[in-house]
Each structure stands twice: as C-alpha cells, then as structure tokens.
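Just so you know, all these numbers are worked out from the coordinates, no wet-lab data involved. All of these numbers come straight from a predicted model, not from anything done at the bench. Because the Cβ atoms are built from the backbone with ideal geometry, glycine has one as well, and the counts that use them run over all protein chains shown.
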Amino acid sequence: MATPMFRFDPVELPPEAIALRHEVRDFIAEHQHLMGLARSEFNRDFSRAMGKKGWIGMTWPKQYGGHERSAFERYVMIEEMLAAGAPLSAHYIGDRQSGPNILRFGTEEQKQFFCPKIAAGELTFCIGMSEPNSGSDLAGTRTRAVKVDGGYRINGSKLWTSNAHRSDYAILFCKMASDGKEEVDRHGGATQFLLDLKTPGIEIRPVINLLGEHHFNEIFLTDVFVPDWLLLGKEGNGWNQVTSELAFERSAPDRFLVLFQMLREMVRMAGPDPDKATAAALGKLISHLATLRGMSLSIAGMLQEGLSPNNESAIVKDLGTRYEQDIPVVARQLFPTEPELEAIDAYVSLIARSTMNAPRFSIQGGTREILRGIIARGLGLR
Ligand SMILES: Cc1cc2nc3c(=O)[nH]c(=O)nc-3n(C[C@H](O)[C@H](O)[C@H](O)COP(=O)(O)OP(=O)(O)OC[C@H]3O[C@@H](n4cnc5c(N)ncnc54)[C@H](O)[C@@H]3O)c2cc1C
C-alpha cells in the first residue's frame, strides 16, 4: 500500500487577488483608528462596513448573499486584516464556519434566512461545542435534546463559548436523548441546532480570562425550546457535520498571524542594524512565517479546487501555534522588559498581551495532542 502523503503544492496568487490586496490596504487605512488591537475585538459597525465591501461570505453563492470570489481573494483579504489587527470577531465565526456549515447541511429556508445576514455583517454566530467534561472528547457531550411537538426541548450546559454574550446565534452540538438505552456508538445521536441565544431558558454567565477580559462564557440551557426549522442537517448526523465544521475552523491563516503586530514591534526594536544574534533570531521567526504562509496558501488552493484538506489544515494549525508560542519567548530573550498590559509603549503592552495569550493557541480549535492524533491518522500511523 502506498504511504499516504500530505499535499502542499506551491501556489501563485492570481492577478485579482493581488489587486484586491491594495483595495484592502486602502480600507484599513481609512479605518486606522480601529486597527492594531486584535482580531478578538468585537465591533459590529466594522463588520457591517466589511459586509458592504463584499468581504464576508466572499466565496459563497450570490443567491445566498455571497460574492462567488476565489479562495485566494478571501485569503488575501483575511491576511491583510489579521496583519493589521482588524476587529473581525463580530463576523469571523459566521464567515469561517457557521455560514459554510449552513450552506453544506442547511435547508433552503435556513440558507436564505441566515447566510445573507451573516454576509452583510448583521448576524453574529458563536460555537457551542465544549462542555465542562467534554472538550477534546466532544463525543462525551452531555447536553440532550428531546423531540417534542413542533420542535425539540434541550437541557445541558456549554463552556468556553467565545463571545456568546454578544452573539445572536450559536451552532449547538448535543445528542438526542437515548430514552434510557445504553450508548453503543459514541457518535450516535449527535445533532446540531441553530440556537437563537435570546430563547427563554438560556442563561449566559461570564468566564474571565487571564487578561482580565470577558471573552468566554458558560451557557446553561434549561428546557430550551428550539423549533423544527432550526435543526441543522439531520438528527444523528451531528458528528459528521461537526467534523466538517472543525475543518473549516482549522484551515484559516489566523493560526499564525495573531501575533504579527508583536513580530513587527520586535523588528522595530531591533532597528536597522541589529547585532548578529538578534538578526539570526528574527530571521528564523520570519522564515518560519514565510513557510507557514506558503503552506496555508496551498490549503487555499485546495479549497479553491473543492477539496477538503483536513490533514494539511491540522499540520498548519499545529506548526502555526507552535510558531506563535515561540514569538513572546524570543521577544523576552532579545528585548527584556517588565510587561505591562496598559503601557503606552506598544512593545511593552504587546509582550504582556502575547505572553498571556500564548497558552490558548494550542488549546482552542483542538489541542496540540488532538491535532497530532489527526496528523498521525492522516499518515496512516494509527
Ligand atoms: C481561547 C479559547 C477559545 C475557545 N472558544 C471556544 C468556543 O467558542 N466554543 C467552544 O465550544 N469551545 C471553545 N474553546 C474550548 C476548546 O475547544 C477546548 O478547551 C479544547 O477543545 C480542549 O478541551 P478541554 O479544555 O476540555 O481540555 P481537555 O480535553 O480536558 O484536555 C486537557 C489536556 O489533555 C489532553 N488530552 C485530552 N484528550 C487527549 C487524548 N485523547 N490524547 C492525548 N491528549 C489528550 C489535551 O491535549 C490537553 O492537553 C475555547 C478554548 C480557548 C482556549
């Protein structure tokens, strides 16, 4: 049997993607006062402005509010926005994974209702997968749905739900209640719902992160009624659907560009004539970035061909998070300082922010160990 190989074909950006880069840079310059913070900033006005430009749902069919542009154009737009620290959070999940999942598994009614609103920057989604005892082990979810007249009754809880307190909907992952029968297939009964977060019975409580910010939440669902039309895909097909959603989540360039401003600050600190050791350390980081970018562009090429590069995405996420976790370590070695979140000096503030942010990179969207398991399977090793 031939050894399974990963595919990372070199990619040349087409002229329309190169042209778009200038347009995106002009837009960023116009909104400069909002840049430089982090993609985790949540700003609905900025998302609406991006929606007007046609930069959300860029590759989706026009009939559902999309713009039928190439994966390369989307790549260039996101790359520029991330490098500038644009506030993308209000539309990022909808654009990256909820919208594509609705387009793949949703009903005609769902596609027409949700996708144009996401593409306009009007409707915000969050991810309702993890629970107190079910993160990596997503199949161990305890949230249960029961079929009732006209819909479903849902009970359970979710944890680490980013931006739930500011979102309109969540794609909720749960299981159908088994009526006391023993579970034979751990993925059996898994089901996804498009959950309106204003539904009675939903309580959203804050979880404060290491930076002292309210980003995460805990969600409690008590007898929450979800009407039939908000079932996503088929009852019991949730495992297949959530796997596809996670592949969308892992394939974006945000896995290695979150700390780009930190890297830029390090280059500024090094000045025009750095000593050999500083030049070598920065050169290593920048060459890694160039390689990751080449790999990530290659994934955009595969998406453009309609392929599902799940294994390649897992590798880029694993290498990308490793690279991002190295940045603050190298920064502290090259330019030691007392980190201070609220400092006026951008480097001093960014080193505090990036040091406290770094642990999360190899946890969110699938931990390092889980990704390596996926990679090993892709290589035929398990
Ligand atoms: C910044 C951030 C944002 C997040 N946003 C969201 C969100 O919006 N929505 C959402 O649903 N979730 C979100 N999460 C949760 C995230 O998906 C989970 O934290 C992650 O899947 C790990 O689950 P856990 O925390 O339960 O850890 P566990 O699964 O308990 O893992 C603990 C440790 O054990 C290791 N481990 C677990 N199983 C195995 C195994 N089989 N083999 C080897 N090692 C293993 C893990 O790698 C990890 O090191 C977010 C997390 C972070 C950090």
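I'd like the antiparallel share, as a percent to the nearest 5, of DSSP beta bridges with both residues in the chain.
Numbers: 30 of 36 bridges.
Given both bridge residues lie in the chain, the antiparallel proportion sits at roughly 85 percent.
Computed over the chain with a Gaussian network model linking Cα atoms closer than 10 Å, the most mobile of Glu183, Glu265, Glu41 is Glu183. Spin-label model, Leu381 to Phe6: label points 7 Å out along the Cα-to-beta-carbon direction sit 1.1 nm apart. Taking all Cα-Cα distances within segment 127-237, those exceeding 20 Å account for 37%. Name the residue, out of Asp168, Asp275, Asp318, whose mean-square fluctuation peaks in a Gaussian network model built on the chain with Cα pairs under 10 Å. For the chain, modelled as a Gaussian network with Cα springs under 10 Å, the answer is Asp275.
The residues packed around Arg142, meaning those with a beta-carbon under 13 Å from its beta-carbon, carry a net charge of +1 if Lys and Arg are +1 and Asp and Glu are -1. Taking label positions 7 Å along the Cα-Cβ direction at both Phe335 and Glu305, the computed distance is 4.1 nm, reported to one decimal. Sorting 146-156, 71-81, 100-110 by their mean Cβ neighbour count within 10 Å, with the most densely packed peptide first, gives 71-81, 100-110, 146-156.
Largest mean-square fluctuation among Leu257, Leu334, Leu350, in a Gaussian network model of the chain whose springs join Cα atoms under 10 Å apart, belongs to Leu334.
Which whole-number percent is the relative contact order of the chain (Cα, under 8 Å, 6+ apart)?
On the way: 662 pairs, mean separation 62.4, N = 382.
It rounds to 16 percent for the chain.
Could you rank the peptides 198-206, 62-70, 12-20 by their average count of other C-beta atoms within 10 Å per residue, with the highest value first?
Values: 198-206: 12.9, 62-70: 16.7, 12-20: 14.6.
By packing density, highest mean first, the sequence is 62-70, 12-20, 198-206.
With contacts taken as Cα pairs under 8 Å and at least 6 residues apart, segment 202-304 reaches a relative contact order of 17 percent. Using only alpha carbons, the chain has a radius of gyration to Kirkwood radius ratio (Rg to Rh) of 0.97. Protection proxy ranking, highest mean first, for peptides 25-34, 87-96: 87-96, 25-34, where packing is the per-residue count of other beta-carbon atoms within 10 Å, averaged. Measuring nothing but how far apart in sequence close Cα pairs (under 8 Å, 6+ apart) lie, relative to its length, segment 228-382 scores a relative contact order of 29 percent. When segment 251-378 is described by a simple charge dipole with +1 on each Lys and Arg Cβ and -1 on each Asp and Glu Cβ, the residue from Ile375, Val348, Pro272 located farthest towards its positive end is Ile375.
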